[in-house]
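The values are calculated or read from the model by the stated rules, or taken from the named source; none is laboratory data. Please read these numbers as outputs of a predicted model, since none were measured by experiment. All Cβ positions, glycine included, derive from the backbone under ideal geometry; neighbour counts span all protein chains shown.
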Amino acid sequence: MSDSIVSGKSPLLALHGAVEGDAPDTGVAAHYGAISSEQKRFLAGNTFVDLSHRDVVTVSGPDRLTWLHSLTTQFLEGLVPGVATDVLVLTPQGRVEHAFTGTDDGETFWAHTEPGQGAALVAFLDKMRFMMRVEVALVTDDWAVLGLPGLTYALVPRAELALQPELLGSPVGTWAWEALRIEAGRARMGLDTDDRAIPNELGWIGSAVHLDKGCYRGQETVARVHTLGKPPRRLVLLHLDGAAERLPKHGDDVMLDDVRVGFVGSAARHHELGPIALALVKRNVDLEATLTADGVAAAQELIVDPEAGLHFRPILK
């Protein structure tokens, strides 16, 4: 096992200018000294983001897709090899418990999840195996995740991580990835969610939740909210006052006048939009209202419509 794995730090932190990220993105570079230009370079291609701090889980065996299909929100039976898909595991009450992205190669389903969450996902899956012909393993020590332009992912052997700049070009930091992810309105488990979050609030219906499949744990809540519409809360993109020198922190209150209406998830400085953030706010907050996040004025851009549901045609970004 390499020293970088033992230390929990990526070998790419040894590159010139690398500055390590803060939790939950410790162990990889937040940037390499050129924050704004790294976003532009990532959009142009010929580069990658080191996301090797994410946990990697494999599910192998002939029953793997049928079994995962029965446990999760996603339609995985007959999943075509090489097609990436987002998957959730819900509590019986429909709250998001695990979120991961996975691809099948015809023999094994390869999943990756948030840093430090792989062991809990493996423990849950192992508990649910019963007589199914499946094997679940945490393989983070052997495999590493890369972020590619277009906000897509790739897996490489961890032993080859230090070679990737020669193959893919000089990397950019997670700050570039996060700014573009936030702009795209893509919620991140543990940052843009809390322990009450349901998929309907986060824009995950359709992308991570398949509505035309059999029963799974938590389906009743998802289906009821989708059928009736009006999820309790909604994910929103905040355009923050650029005059403020600070970004709101994860968990900071979002206020309407003197009333708390939600919380900040992730925030970043975008190379074109300036300071932006994702927030989870109450459904009935006026879309035109100016909010404040840690005292910073913020205009809203719609991600999840307050009326979202079966009989409502959403307004697209």
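Determine if segment 185-206 includes at least one residue that is modelled with pLDDT under 95 and among the small types (G, A, S).
Scanning segment 185-206 turns up at least one residue that is modelled with pLDDT under 95 and among the small types (G, A, S).
Consider segment 280-308. How many of its residues are more than 18 Å from A184 (Cβ to Cβ), touching a residue at least 24 places away in the same chain (Cβ under 8 Å) and among the β-branched types (V, I, T)?
Selection size over segment 280-308: 4.
Suppose we filter T66, T73, T26 for residues that are of a type in the set (S, T, Y), under 19 Å from the mean Cα position of the chain (by Cα) and surrounded by fewer than 18 Cβ atoms within 10 Å (Cβ to Cβ); which single one remains?
Just a single option satisfies the conditions, and that option is T26.
Could you please let me know if R269 is at pLDDT below 95 and over 30 Å from H69 (Cβ atoms)?
no
Which residues, taken from segment 207-260, are among the aliphatic types (A, V, I, L, M), at pLDDT 95 or above and closer than 30 Å to W175 by Cβ?
A208, V209, L235, V236, L237, L238, L240, L247, V254, M255, L256
Confirm whether L13 is surrounded by 20 or more Cβ atoms within 10 Å (Cβ to Cβ) and either among the hydrophobic types (A, V, I, L, M, F, W, C) or in the same structural domain as P171 (by TED's automatic domain parsing) (or both).
Here the answer is no, as L13 does not meet what is asked.
Which ones in segment 246-279 are closer than 19 Å to D194 by Cα, touching a residue at least 24 places away in the same chain (Cβ under 8 Å) and not small (G, A, S)?
Once the filter is applied, which keeps residues that are closer than 19 Å to D194 by Cα, touching a residue at least 24 places away in the same chain (Cβ under 8 Å) and not small (G, A, S), segment 246-279 yields P248, K249, H250, D252, D253, V254, M255, V261, F263, V264, L278.
Exactly one condition in (1) modelled with pLDDT of 95 or more; (2) part of a loop (DSSP other than H, G, I, E, B) is false for E178; which is it?
If we test E178 against (1) modelled with pLDDT of 95 or more; (2) part of a loop (DSSP other than H, G, I, E, B), just (2) comes out false.
Please go through (1) within 23 Å of P11 (Cβ to Cβ); (2) not in a helix (DSSP H, G or I) for F42 and return the number of the only condition it doesn't satisfy.
(2)
List every residue pair whose Cβ atoms lie under 6 Å apart, where the two residues are 6 or more positions apart in sequence or sit on different chains, the first residue falls within segment 181-209 and is within 13 Å of T221 (Cβ to Cβ), and the second residue, located anywhere, is among the small types (G, A, S) and assigned to a loop (DSSP other than H, G, I, E, B).
Final answer for the pair search is I198/G94.
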